[in-house]
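Reviewing the structure listed below.
What follows draws every value from the coordinates through simple rules; no lab data is involved. Predicted model only: the values in this text are computed from it and were never measured. Backbone-built Cβ (ideal geometry, glycine too); neighbour counts: all protein chains shown.
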Amino acid sequence: MGAVKQPIPAAIGGETGAVMDSSGTAKQTSTRKILPIVEGVVLVAALLAPLLLQDYLTVFATRVIILALFALSFDLVWGYAGIMSFGQALFFGSAGYGVALLARDLDITNIFLVLPAGTLIGLTFALLLGGFLLLGRHPSSVIFVSLGTLTGSYAADRLARGWYYLGGQNGIPSIAPMSLGSYEFTEGPAFYYLVLGILVVVYLLCRFLVRSQFGLALAGLRENEQRIAFFGYKAQHLKAIIFAIGGAVAGMAGSLYAFHEGFVWPNMVGVVVSTQVVLYVLFGGSGTLIGAVIGAVIVEGVSFWLSDNYRDIWPIILGVLLLLVILFRPLGLISFVLGERERVGSFGAKPREDVKEKRNAP
Amino acid sequence: MANAFVAAFEILSFGAIIVLIVLGLGIIASMMGIFNFAQGEFVLLGAYITYLAYAKGLPIWAGMVAAPFVVGALGFVLEALIIRRFYAAPIVAMLGTYALGLIIRESVRGLIGGFYLTVPEPIGGSIDIGAMHISAWRFTIIVITLLVMAGCYLLLSRTNFGLRMRATLENPSLARASGISTPLMYGATFAFGSALAGLAGALIVPVFSLYADLGLRFLIQGFVAVMVGGVGSFIGPVAGAGVIGTLSAALPWIMAPVVADVLVFVLAIAFIKFRPQGLIAGKGV
């Protein structure tokens, strides 16, 4: 249609500019980006939250932000690469245990040491587990990877429960607060803004990553792995890389969580937390980074709000809601405001305007 | 000598319990290609129904007989309403059945609270062989497991129903063209698998007592067993369950329980990695 119409205004001459212009603006409004608006609203709300909330709610909000960071790691792995990691808590929790041991046995609490250490622990474990599960002569089946990660997380849970050095059932209590020089990060607005800052930075890095050529290859992997392998990509290597990156993000979240709560316990590496993060991302909307953040905020927020009055039936409601989302809104709550085209988005660097014009020029 | 015999019996009886739990899981996974995360909760429901019968003053046997039928009926209804939508995507099926399991588990938790409720053994006491005593109920479980295994095998290999079931598994469109109602067969298979889970729950509740996370405890072991044995046949998962059950009961006798626990999983995952088709490859019975 467009191709047929185009020559006509060109023939009319003088009016062309005006016609083109109006159609141009019309096009712009119809494809207006909703994603940046959603991201902006969430950011502003997050920035203002400690000013409006009471102290104990700020502490709760800090925990939610850390969990959102954790959700981001799962979203990278599942939403963008299609690897079902049912054991994401393994990296979250092992980093938590790692920094707790650093603080307990070596008295290291400096933020510039513990956060990289936690991230590195998450990265290492993810490389080991991901390398084992994903790499190899034969590509692993989806079911094998999801059960392998689930089993890994379960085994870690059992190990943590039974290992005296790690505190057994009770975990490691009363971890010293994270420090920067002589300043100590204790629960409160300072910790909140620190965590929020980290979340924003990691979010932007992830955003850059999934919109790059690498992200495009991942999206192809998620949609049709065989075809991507056929194109000459090393599909298994791509998967292992994104799995390791996810593990690193989870490790960072885990070390923050350990210092914020002040203790670590076996559940943190176990199946319960692993499935919790799956819930966040499915609720919010996998395949969009902001969806993971929103999902974590909504699930944790509603559960905090309801658990006072409906503590017993809240998990049942959560299950029913999850089932409804899976059945009727597989793309999560974010798909109510976000169109399919924008969710898929574009990849790589945008072509520069002058290059485009040159190419169009005769 | 007596010690070794008791150990062997313990190992055998735990192996039998795992086989019993994996039977239903394996049938659903092999015949329908779905890893049912709610299977553990079907076990839990079977246990709960038995407890209910006991709490209401009925004989425990009545509860144990009712459990597979009630759970099977529930499975049939759930398949028709929900599971049916998931066949196209196995991963979505895992998530969907996980959500179902969450609902069932938390409902039961709401009903029984956070307690461990005990149900007495319908056949108490012990069987004495010379100086050795073995639990009569555990012995009964072994016998029933063997009977159920034989029954399932005969049902799948020798009856008309089994033939239709296998036809639906191997080539759904040809089965449909031959006049087999595949949706009905899927429903029946799922109901059958859930009924087996219900039976397993009913039989093990006197041994493990009833608590909300009863099913979760066996779920991962069950999945690993199915993968080790090989998805696609009836015998595969059973063989896998035998191996996993025996290993997880035998290893704690020779090393620290914590290490043994983890070692079983590591061994199993490594085995699946290098032999993805499992112990017994291929489709069929």
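Annotation: peptides A:126-135, A:180-189, A:328-337, B:30-39, ranked by per-residue average of other Cβ atoms within 10 Å with the highest first, follow the order B:30-39, A:126-135, A:328-337, A:180-189.
I'd like the orientation of helix B:2-32 relative to chain B: the angle between its Cα long axis and the longest Cα principal axis, in ° from 0 to 90, rounded to 10. Roughly 20 degrees, rounded to the nearest 10.
Around the amide H of A:V264, modelled in the peptide plane, lie the amide H atoms of A:I172, all under 5 Å away and 5 or more residues distant in sequence or on another chain. Peptide B:90-103 is shielded by partner chain Cβ atoms: per residue, an average of 6 of them sit within 10 Å of its Cβ. When each of B:R217, B:R164, A:R227, A:R137 is scored by the number of other beta-carbon atoms lying within 10 Å, the sequence from fewest to most is A:R137, A:R227, B:R217, B:R164. Charges were assigned to the Cβ only: +1 to each Lys and Arg, -1 to each Asp and Glu. The resulting dipole of region B:1-225 about its Cα centre is roughly 540 debye. Look at the Cα gyration tensor of region B:26-95: its axes a ≥ b ≥ c give a/c of at least 1.5 with a/b over b/c, and that counts as prolate. Label zone of B:Y153 (point 7 Å out along Cα→Cβ, amide N under 14 Å): in region B:233-276 this covers B:234-240, B:242.
Each peptide in B:88-95, B:99-106, A:94-101 gets a packing score, the mean of other Cβ atoms within 10 Å over its residues, and the list from highest to lowest is A:94-101, B:99-106, B:88-95. For region A:197-204, backbone phi angles converted through the Karplus equation (6.51, -1.76, 1.60; θ = phi - 60°) give residue-by-residue couplings of x, 4, 4, 4, 4, 4, 4, 5 Hz, Gly and Pro being listed as x. Relative to the dominant Cα principal axis of chain B, helix B:257-274 is inclined by about 30°.
Between the alpha-carbon centres of region A:139-154 and region A:165-221 there is a gap of 25 Å. For region A:100-243, what does the alpha-carbon gyration tensor say about shape, rounded, prolate or oblate, given a ≥ b ≥ c as the root eigenvalues, a/c under 1.5 as rounded, and a/b over b/c as prolate? It is oblate, given that a/c is not under 1.5 and a/b is not larger than b/c.
Entry note, chain B: relative contact order of 35 percent, from Cα contacts under 8 Å with a spacing of 6+ residues.
Once you order the gyration tensor axes a ≥ b ≥ c over the Cα atoms, which shape class does region A:253-336 get: rounded for a/c under 1.5, otherwise prolate or oblate by comparing a/b with b/c? It is oblate, given that a/c is not under 1.5 and a/b is not larger than b/c. Cβ-to-Cβ counts within 10 Å put A:S153, B:S209 in ascending order as B:S209, A:S153, the fewest first. The mean count of C-beta atoms from other chains within 10 Å of the C-beta of residues in A:310-316, rounded to a whole number, is 4. Listed from fewest to most Cβ neighbours within 10 Å, the set B:F234, B:F271 follows the order B:F271, B:F234. Averaged over the residues of B:270-277, the number of partner chain Cβ atoms lying within 10 Å of the residue Cβ comes to 3. Each Cα pair under 8 Å and six or more residues apart adds its separation to the average, and for chain A the resulting relative contact order is 29 percent. Relative to the dominant Cα principal axis of chain B, helix B:136-158 is inclined by about 20°. Ordering A:46-57, A:201-212, B:9-20 by mean Cβ neighbour count within 10 Å, with the highest value first, yields B:9-20, A:201-212, A:46-57. Relative to one another, the C-alpha centroids of region A:81-122 and region B:132-184 are positioned 47 Å apart.
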